[in-house]
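*Asks:* This is the structure I have questions about; it appears just below.
All of the numbers you see were taken from the coordinates with simple rules; none came from a lab. Every value quoted in this text rests on a predicted model; they were computed, and no experiment measured them. Ideal geometry is used to build each Cβ from the backbone, glycine not excepted, and the neighbour counts take in all protein chains shown.
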Amino acid sequence: MGTRTTDAAALEALAAGRHGNPFALLGPQRERGKRIVRTLQPGASAVRFIDDDGAVLGDLAPAGHDGLFAGQMPARRRKYR
């Protein structure tokens with residue numbers, strides 16, 4: 001995990017189901033020095049991530065493609081779902 005960025009073409013391929021390695025983009029990723037989480041939830045209007053106790057850790061924002069959401073993880077590393 002470095003400071004890579006994800007290009008628009010890769011995200012478009014992911015949202016369309018054409019990306020050859022979707023888990024290279026989904027889940028926790030390190031980008032631009034921040035830890036982000038990305039998920040694909042077709043048809044969802046909102047997504048949030050929570051810890052094992054149900055406490056809200058954050059909301060994921062739409063990421064420009066139908067069903068694709070992304071958000072920054074809190075500074076303190078925690079399990080989420």
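*Asks:* Can you pull the Kirkwood radius for the stretch 37-78, inverse mean 1/r over Cα pairs, to one decimal in Å?
*Replies:* 10.7
*Asks:* Just to be sure I understand the curve: with the Debye formula and one point per C-alpha of the chain, what is log10 I(q)/I(0) at q = 0.11 Å⁻¹?
*Replies:* Debye curve over Cα of the chain, log10 I(q)/I(0) at q = 0.11 Å⁻¹: -0.28.
*Asks:* What are the residues whose amide H is under 5 Å from the amide H of H19, where those residues sit 5 or more places off or on another chain and H is modelled from the backbone?
*Replies:* When sequence neighbours closer than 5 places are left aside, the close amide H contacts are L14.
*Asks:* With each label point set 7 Å from Cα along the Cα-Cβ vector, what nm distance links A55 and A9?
*Replies:* 4.3
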